[in-house]
Amino acid sequence: MTADAEEIRIWGLGVGPGDPELITLKAQRILRSADVVAYPAPADGDSLVRAIAAPHIPDGAEELVISTPMLAERYPAQDVYDRAAQEIEKRVEAGKTVAILCEGDPFFYGSFMYLYGRLSERLRVGVVPGVSSLSAGAAELGLPLAERNDVVAVIPATLDESALSERLAVADAAVIIKVGRHLDKVRRVLDDQGLLGGAKYIERATMEAQRMCDLADMSDQTAPYFSLIIVRKSVDI
Ligand SMILES: C[S@@+](CC[C@H](N)C(=O)[O-])C[C@H]1O[C@@H](n2cnc3c(N)ncnc32)[C@H](O)[C@@H]1O
């Protein structure tokens, strides 16, 4: 640990994609000594990230639930993050250490970045990277992502069809995230480029309810929020 890290009282902790063992030793250590544990939760359900980190949350820690609209396309609720940042700041002023839990990696499409933007203007905020869904998905599917000069694109399925198609066309491999109700559109774009046959699908990677298959074998019309598709144009191993 660096000397600096001792003074940091706010941490964004990547807790990995689902399997509680995929948290780093550093995130685990910081979480175990936190006074306050903050995490997002959907307005109408349980917090997935809390469930992932549950084995490491210390008894007696205050839990600060950030009730957040979780729909992929919805513009982040600014007032939710304003209020959460204020609540966190109050705890820090009272001398407490706050751990903010982030699914996967905090800076890889994580909503943590909205808190980071607010808090880091005035306070020091540490970030502990985590295993992202991209790495976990590739590992579970047994599909190496890139070699030599390969270019990998991470493409949100929320893009419109032509943008999706353009990004896919120029990459050697692609990870398509935020699949959800865009599954049919993604299928169409992959099929147009002759890539449907090689595309692999995984949902809830490394969680107990993980499911994976060839995309071509999947008849579902929509996918759950925690799902992604990986496609490699040439696998030469
Ligand atoms: C807002 S992004 C957050 C990504 C996360 N910070 C990470 O490092 O993987 C959410 C998207 O990541 C993907 N995702 C996250 N966790 C996943 C998992 N365990 N299995 C499959 N996809 C996942 C899904 O495509 C989901 O729509």
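Just so you know, all these numbers are worked out from the coordinates, no wet-lab data involved. From a predicted model like this one, the values you see are computed outputs, not experimental measurements. Cβ coordinates were reconstructed from backbone atoms using ideal geometry, including for glycine residues, and neighbour counts include every protein chain displayed.
List of remarks:
- Going by neighbour counts of Cβ atoms within 10 Å, the residues C213, C102 line up, fewest first, as C213, C102.
- Taking the square roots of 5 times each eigenvalue of the Cα gyration tensor of segment 85-204, largest first, gives ellipsoid semi-axes of 36, 15, 13 Å.
- Longest exposed-site-free window of the chain, the sites being GluC sites (Glu not before Pro) in a DSSP loop that have at most 16 other C-beta atoms within 10 Å: 1-72
- For the chain, share of DSSP beta bridges that run antiparallel, in % to the nearest 5: 35 percent
- Sequence of I176, I30, I155 once ranked by neighbouring C-beta atoms within 10 Å, starting from the fewest: I30, I155, I176
- Neighbour counts of C-beta atoms inside 10 Å place K200, K90, K26 in the sequence K90, K26, K200, starting with the fewest.
- Mean projected area in nm² (Cα convex hull; one quarter of hull surface) for the chain: 14.1 nm²
- Here segment 44-127 is treated as a Stokes sphere of Kirkwood radius computed over C-alpha pairs; at 10 °C and 1.306 mPa s its diffusion coefficient rounds to 114 µm²/s.
- Cα pair count fraction exceeding 24 Å, expressed as % - segment 134-232: 12 percent
- The angle between the Cα long axis of helix 78-93 and the longest principal axis of the Cα atoms of the chain comes to about 40 degrees, rounded to the nearest 10.
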